[in-house]
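Everything below concerns the one structure shown next.
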Amino acid sequence: MHKELSVTEVAQAYERQMSLAAVAKHVQVLEHAGLIHKRRAGKQQFIAPSPPALKSASKYLEGYRKLWEEKLDRLDAFLKNSK
């Protein structure tokens, strides 16, 4: 099992880039996508990753990574040849 973190703990890691409200919105999107699980304990909310969902998403995105690497390699070759 992966460690649970409070939303506040996650927000502290991004305190210079994002507000607590922005982190909470991102958490909501990840939860809606099924990539994380959220539970409440009093006023605090704790989140933990959903490994099966993350594995599935990673597998899906892998095909797109290969596609974009090929496209970017062709673009790179074109730009080098056009100099």
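None of the figures in this text is laboratory data; all of them are computed from the coordinates on show. Since the structure is predicted, the reported quantities are computational estimates derived from the model, not experimental observations. Glycine gets a Cβ as well: all are built from the backbone with ideal geometry, and neighbour counts include every protein chain shown.
So, in segment 23-77, exactly how many residues are among the aromatic types (Phe, Trp, Tyr) and in contact with a His (Cβ under 6 Å, 6 or more places away or on another chain)?
0
Any chance you could count how many residues in segment 1-53 are touching a Lys or Arg at 6+ places or on another chain (Cβ under 7 Å) and polar (S, T, N, Q)?
1
Across segment 5-62, what is the number of residues that are touching an Asp or Glu at 6+ places or on another chain (Cβ under 9 Å) and exposed (fewer than 13 other Cβ atoms within 10 Å of the Cβ)?
Count: 1.
Which members of segment 26-70 meet the condition of being closer than 18 Å to Lys3 by Cα, assigned to a helix (DSSP H, G or I) and within 13 Å of the chain's Cα centre (by Cα)?
Scanning segment 26-70 gives Val27, Leu30, Glu31, Pro51, Ala53, Leu54, Lys55.
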